[in-house]
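*Asks:* Below are the structure tokens for one structure; questions will follow.
What follows is calculated from the coordinates using simple rules that are stated; it is not laboratory data. Here the structure is a predicted model, which means the values were calculated and not measured. Here the Cβ is made from the backbone with ideal geometry for all residues, glycine too, and neighbour counts use every protein chain on show.
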Amino acid sequence: MSRSADFLLDLIFPNTCPFCGCFIRWNEYCCAECAGSLERADFCIRCGSAKCCCETSERDFAACAAARPYVGKVRRGILELKYHNGFNAAKYLVPEVVKKLDSAGLVTRGCVVTAVPMTEKRRRTTGYNQAEVIARLLAKQTGLKTDFGLLKKLADSPAQHELSAVERAEAASKAYFKGRDSLGIAGKTVILCDDIITTGSTLNSCAKVLREMGAEKVVCAVLASTVIEKEE
């Protein structure tokens with residue numbers, strides 16, 4: 001959408017900060033207060049967790065860049081993106097993800113950007129896939145091509161927060177399948193986008209499919225990472 005269209009749209013639907021809900025200028029993505037107070041954390045670039053689990057778990061993705069911890073205001077912003085067209089959260093946080101990818105040397109010419117898919121039933125309900133919103137913004141900033149046909153999700157999984165880590169992994173392993181490969185990802189790096197990483201089961205399942213399709217490496221890019229306490 002053009003800047004002039006954004007301005008006109010703001011006259012009808014005033015622009016708001018996704019992290020607190022206050023009104024902001026038409027060309028802003030976050031209010032000044034939230035910009036200075038959003039939660040921060042350091043994440044392992046390999047597993048994407050604040051509590052590195054690289055030594056205790058095997059992953060099919062090579063790296064995971066996460067912008068912020070999934071708590072407080074950040075959590076509110078992600079939920080706005082997921083359920084209420086709160087695209088400002090993605091517009092504000094995607095540049096942070098790109099910066100982390102660049103710093104780690106993970107964005108190279110020829111990378112293909114894709115997103116964790118959702119079922120057609122779910123897409124009809126929400127009207128959009130928030131992971132694709134993130135992927136399009138990331139691709140626009142990096143100049144990379146997108147391919148959203150690489151992966152398919154054929155059945156909705158049970159609510160993730162209701163499952164244990166083991167159950168999440170099992171559900172994710174049965175949910176994602178190969179789609180089409182229009183750009184030819186054999187030997188390429190695929191950047192896989194999603195809103196949140198929790199246990200990594202969803203990203204790992206998608207990465208496994210992409211590697212089976214010939215991708216040399218899968219790098220994940222997420223807006224937020226949440227910490228799951230170690231299960232007994």
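*Asks:* Apply 1/(1 + (r/R0)^6) to the Cβ-Cβ distance of Asp102 and Lys178, taking R0 = 30 Å, and write down the FRET efficiency to the nearest 0.05.
*Replies:* 0.55
*Asks:* Order by neighbour count: Leu154, Leu144, Leu223, fewest other Cβ atoms within 10 Å first, most last.
*Replies:* Values: Leu154 11, Leu144 18, Leu223 28.
If I rank by nearby Cβ atoms, fewest first, I get Leu154, Leu144, Leu223.
*Asks:* Just to be sure I follow the rule: in region 1-123, considering lysines 8 or more places apart or on different chains, how many pairs have Cα atoms under 18 Å apart? Working shown, then result.
*Replies:* Values: Lys51/Lys100; Lys73/Lys82; Lys73/Lys91; Lys82/Lys91; Lys82/Lys121; Lys91/Lys99; Lys91/Lys100.
Summing the qualifying lysine pairs gives 7.
*Asks:* Size of the dipole of the chain about the Cα centre, Lys and Arg at +1 and Asp and Glu at -1 on the beta carbon, nothing else charged, in debye to 20? Please list the in-between numbers first.
*Replies:* Details: 33 positive and 27 negative charges, 126 e Å.
Roughly 600 debye for the chain.
*Asks:* What 222 nm value per residue comes from the helices of the chain, counting each DSSP H run with n ≥ 4 as -39,500 (n - 2.57) and dividing by all residues, nearest 500 deg cm²/dmol?
*Replies:* Working: 8 runs with 84 residues, N = 232.
Value at 222 nm, helices only: -11000 deg cm²/dmol.
*Asks:* Just in region 33-82: which GluC sites (Glu not before Pro) are loop by DSSP and have at most 10 other Cβ atoms within 10 Å?
*Replies:* Details: sites: Glu33, Glu39, Glu55, Glu58, Glu80; in loops: Glu39, Glu55, Glu58.
Counting only loop positions with at most 10 other Cβ atoms within 10 Å, the GluC sites (Glu not before Pro) in region 33-82 are Glu55, Glu58.
*Asks:* Now for a separate question. How far, in nm, would the chain grow between Thr125 and Ala32 when pulled straight, counting 0.36 nm per residue and subtracting the alpha carbon separation? Mind dumping the intermediate values first?
*Replies:* On the way: separation 93, 0.36 × 93 = 33.48 nm, distance 3.31 nm.
Full-extension gain reported as 30.2 nm.
*Asks:* In addition: Counting other beta carbons within 10 Å of each Cβ, put Thr114, Thr199, Thr226, Thr56 in order, fewest first.
*Replies:* Going from sparsest to densest Cβ surroundings: Thr56, Thr226, Thr199, Thr114.
*Asks:* Separate question: Under a point spin-label approximation (7 Å from Cα along Cα-to-Cβ), what is the Leu79-Ala50 distance to one decimal in nm?
*Replies:* About 1.7 nm, to one decimal.
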